[in-house]
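The values are calculated or read from the model by the stated rules, or taken from the named source; none is laboratory data. Here the structure is a predicted model, which is why all the values come from computation and not from measurement. FYI the Cβ positions are ideal-geometry reconstructions off the backbone, even for glycines, and counts take in every protein chain you see.
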């Protein structure tokens with residue numbers, strides 16, 4: 001008798017119930033239909049195609065972008081007793097040959113491949129002889145030029161629907177706006193499939209944005225109460241990545257740098273440390289992150305402006321995959337805005353692409369400048385409506401808006417009267433009445449605006465200009481070396497036909513600790529914390545002995561339930577979510593003994 005999807009969920013993976021959306025997708029794919037599934041990180045996308053693969057008599061091929069991700073997913077499946085293999089260049093040839101034989105014999109239902117490996121003619125011909133039942137494209141946004149992580153080798157996957165007309169085609173992603181979704185569906189299955197969108201909201205993530213003033217003080221204030229948990233700090237450059245990691249290590253944190261300038265072995269070692277250790281901070285460029293499946297990341301901090309709303313959503317989505325509280329913080333400054341504009345202008349010759357990227361950056365700047373609920377601003381970008389969340393900095397500490405039209409008119413006049421040819425530093429010098437060679441040589445000290453803003457310090461005007469750029473009153477002209485220029489909106493302010501309101505700039509505020517405080521702590525009863533710590537240590541030891549990430553043994557959410565329920569025998573342990581038959585057999589006695597010791 002064939003098993004049902006619900007039986008596999010329970011008897012293989014150890015879960016009593018599907019999460020929202022999972023069963024609908026499983027039924028759709030099992031019925032032989034194509035699908036694009038957009039499901040937030042941590043919602044359980046993998047089970048949506050792993051269960052149909054186990055229900056099928058035919059082979060399922062999963063296309064994944066990263067070797068480390070393939071290895072981890074296969075390790076997790078094997079830990080649950082599922083026969084799965086991956087074939088990639090990082091494995092010894094004899095292991096690759098053995099894996100292929102297992103697939104060819106029908107003993108293995110799941111084969112993980114990179115797009116490069118799959119799309120060789122030799123591999124396509126070999127796979128065609130096996131009559132595969134389904135192709136799953138993980139991180140499917142990589143297939144679309146409209147997406148933020150486009151990879152040319154992914155675009156070649158568009159031939160699969162013609163080459164394998166009898167196979168189901170499925171794409172999975174957590175990050176795709178409407179245009180990107182349409183493009184993926186067209187490329188992957190010519191639009192002949194259903195797109196499931198299950199919502200982008202991650203209510204367990206606390207959202208916060210702050211102007212960058214002194215990043216060392218700000219990052220220390222944020223990190224002080226997060227010494228015992230894992231997180232990621234994103235930096236724009238390799239140099240800053242190394243500097244931040246060195247600084248944090250000097251302050252007693254366990255910080256690891258990661259960027260593309262390191263050799264492959266160093267990156268692999270550093271990623272393995274991050275995946276297996278608990279109180280660890282990965283300081284990284286965007287070279288790190290795609291496919292990182294560490295459920296207990298408690299924070300993601302950006303020290304520089306991300307590339308777009310999609311990139312920001314994808315990067316913060318690496319926090320709190322276990323559904324427990326996690327925090328995000330973005331620090332941004334005027335220099336970040338200029339640098340991002342410059343990156344876009346240097347990105348090839350496609351004018352339409354550049355325009356799209358500028359608009360995406362505009363949306364991110366508007367999010368940074370939002371005076372209302374940040375979650376509302378973030379999700380509206382993805383065409384999703386939510387009410388105020390009560391879990392972002394603006395909901396917790398509503399900003400004060402002030403009418404700054406006279407100051408804006410003075411500043412904008414200085415920009416106009418100097419020919420809209422100078423960057424923020426010179427304009428601030430003019431309005432503050434500085435005596436510099438550049439000012440005197442150009443006779444800018446004779447302008448009506450010269451010295452008109454002298455009562456305010458430089459940091460005030462930096463914040464003022466930052467908000468004016470974010471609000472589209474001013475633009476940064478990259479071709480003219482970062483010159484500030486008036487937009488139509490700024491011109492209206494100067495003409496006194498539009499008011500200029502900004503968030504109040506508090507120039508005296510010191511770097512403050514996050515109001516969230518201990519919100520990142522694991523929510524367990526005080527009496528269960530010692531047991532939970534002991535179970536985590538046991539899990540880490542077992543994971544290291546098997547050379548797998550800790551979550552492959554058990555995710556945090558399972559350990560928390562163990563600590564709370566304190567099972568005394570195998571029957572009670574089997575009732576814990578995430579404890580399937582294979583894990584019960586491999587780890588059950590060991591964990592029950594640890595629980596008994598701590599009782």
Inset, instruction - Output the strands (runs of 3 or more DSSP E) that fall wholly within segment 151-218 and possess 2 or more residues being in contact (Cβ under 8 Å) with a residue 12 or more places away in the chain and under 30 Å from residue 371 (Cα atoms), or say none. - result: 209-211
Legend entry - Hits in segment 550-583 - residues which are over 17 Å from residue 44 (Cβ atoms), without any contact (Cβ under 8 Å) to a residue 24 or more places away in the chain and in a helix (DSSP H, G or I): 565, 570, 571, 572, 573
Inset, instruction - Would you check if residue 124 is farther than 21 Å from residue 68 by Cβ, out of contact with any strand residue (DSSP E or B) (no Cβ under 7 Å at 6 or more places or on another chain) and in a helix (DSSP H, G or I)? - result: yes
Inset, instruction - Answer yes or no: is there a residue in segment 326-344 that is under 26 Å from residue 269 (Cβ atoms), outside the structural domain of residue 476 (by TED's automatic domain parsing), at pLDDT 85 or above and in contact with a helix residue (DSSP H, G or I) (Cβ under 7 Å, 6 or more places away or on another chain). - result: yes
Legend entry - Any chance residue 364 is under 30 Å from residue 295 (Cβ atoms), touching a helix residue (DSSP H, G or I) at 6+ places or on another chain (Cβ under 7 Å), crowded, with 22+ Cβ neighbours inside 10 Å and in contact (Cβ under 8 Å) with a residue 40 or more places away in the chain: yes
Legend entry - Subset of segment 223-238 (residues that are in a helix (DSSP H, G or I) and either touching a helix residue (DSSP H, G or I) at 6+ places or on another chain (Cβ under 9 Å) or at pLDDT 95 or above (or both)): 223, 225, 226
Inset, instruction - Determine, yes or no, whether residue 416 is touching a residue at least 40 places away in the same chain (Cβ under 8 Å) and part of a helix (DSSP H, G or I). - result: yes
Legend entry - Selected residue (criterion: nearest to residue 267 (Cα to Cα)) from residues of segment 48-67 that are out of contact with any helix residue (DSSP H, G or I) (no Cβ under 6 Å at 6 or more places or on another chain) and assigned to a helix (DSSP H, G or I): 67
Inset, instruction - Assess whether residue 107 counts as being part of a helix (DSSP H, G or I) and either in contact (Cβ under 8 Å) with a residue 60 or more places away in the chain or assigned by TED's automatic domain parsing to the domain that holds residue 190 (or both). - result: no
Legend entry - Residue under evaluation residue 82, criteria (1) part of a loop (DSSP other than H, G, I, E, B); (2) buried (at least 18 other Cβ atoms within 10 Å of the Cβ); (3) over 31 Å from the mean Cα position of the chain (by Cα), criterion not met: (3)
Legend entry - Looking only at segment 330-376, and only at residues there that are more than 15 Å from residue 209 (Cα to Cα) and outside any helix (DSSP H, G or I), the one that is nearest to the chain's Cα centre (by Cα): 347
